1. Please pick out the residue among 147, 133 that is surrounded by fewer than 22 Cβ atoms within 10 Å (Cβ to Cβ), more than 15 Å from the chain's Cα centre (by Cα) and within 22 Å of residue 55 (Cβ to Cβ).
2. Taking residue 51 as meeting all but one of (1) over 18 Å from residue 215 (Cα atoms); (2) within 16 Å of the ligand (Cβ to nearest atom), write down the number of the exception.
3. All but one of (1) without any contact (Cβ under 8 Å) to a residue 24 or more places away in the chain; (2) within 16 Å of the ligand (Cβ to nearest atom) hold for residue 171, so report the exception by its number.
4. Considering each of 240, 164, 207 in turn, give the residue that is more than 29 Å from residue 84 (Cβ to Cβ) and without any contact (Cβ under 8 Å) to a residue 24 or more places away in the chain.
5. Exactly one of these conditions fails for residue 171: (1) within 28 Å of residue 125 (Cβ to Cβ); (2) touching a strand residue (DSSP E or B) at 6+ places or on another chain (Cβ under 8 Å); (3) at pLDDT below 95. Give me its number.
6. Residues being within 18 Å of residue 90 (Cβ to Cβ) and not in a helix (DSSP H, G or I): count how many of those fall in segment 157-211.
7. Can you name every residue in segment 73-91 that is in contact with a helix residue (DSSP H, G or I) (Cβ under 7 Å, 6 or more places away or on another chain) and either modelled with pLDDT of 90 or more or within 25 Å of residue 182 (Cα to Cα) (or both)?
8. Cβ-Cβ under 6 Å, sequence separation 6+ or interchain: first residue in segment 15-44 and closer than 18 Å to residue 206 by Cα and in contact (Cβ under 8 Å) with a residue 24 or more places away in the chain, partner more than 13 Å from the ligand (Cβ to nearest atom) and outside any strand (DSSP E or B). Which pairs?
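The values are calculated or read from the model by the stated rules, or taken from the named source; none is laboratory data. No experiment lies behind these values; they were computed from the predicted model shown. In this analysis, Cβ positions are derived from the backbone assuming ideal geometry, glycine residues included, and neighbour counts consider all displayed protein chains.
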Ligand code: ADP
């Protein structure tokens, strides 16, 4: 079954009584399990609006959205929040970690509020597993300020994974990172994708888009191109081509 089916989705924002912004003008899209999609396009083309809809953070003005076979447009707010918690993971450009809380606790949080009634022990076990998956098992007790930007983003990825989402949504995940660190994040995404996670990522960097399997190009609220990524890059390989890294600085504040 498709993870996502969008049928003729429109989104209009009403600004005052006169101005209507047509942020999406008829987007139809099907995502199968295991896809890795890069959403690209100029500023204002509707990428964030599309991500907000996919993420059940907003509703379409018109059209149908099936997530994992369930029509989400008609769900109540509470049900929508539940679907969001259970099925979706989010990774943002700005990491959005709680600063006075350890890496491990940041990852545990979604499970604390999931309503699944997991024991604290199970929550910690799952959080440690997610941390391990992003290669940060030895940083569990570090606070965000004691971690580099790339490490913080890896914690954020672990947090997005801990509830075992059907779909991972990433909004400019490498926007605040240098080239090498960006590649490390792409390496993790590609590894997760190999394990079967479906990924949608907004990026304005063409090179980052080359790590995906499929590329959507948006313009004026429409998908104007939808194509397989030719000569796809593998992040691990690209990393090898970079000059040797300088000694990693341990950030301790
Ligand atoms: P992108 O992410 O590609 O830069 P957006 O989805 O943010 O594009 O925006 C698409 C269009 O919708 C833009 O014209 C933007 O100004 C408008 N828009 C986005 N969010 C809102 C909002 N909350 N209220 C009014 N207009 C909005």
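1. Values: 147 fails: within 22 Å of residue 55 (Cβ to Cβ).
Only one candidate qualifies: 133.
2. Tallying (1) over 18 Å from residue 215 (Cα atoms); (2) within 16 Å of the ligand (Cβ to nearest atom), residue 51 fails exactly one: (1).
3. For residue 171, the failing item is (1).
4. Details: 164 fails: more than 29 Å from residue 84 (Cβ to Cβ); 207 fails: without any contact (Cβ under 8 Å) to a residue 24 or more places away in the chain.
Among 240, 164, 207, only 240 is more than 29 Å from residue 84 (Cβ to Cβ) and without any contact (Cβ under 8 Å) to a residue 24 or more places away in the chain.
5. Status for residue 171: all satisfied but (1).
6. 23
7. 89, 90, 91
8. Pairs found: 36/193; 36/212; 36/213; 37/212; 38/209; 38/212; 40/209.
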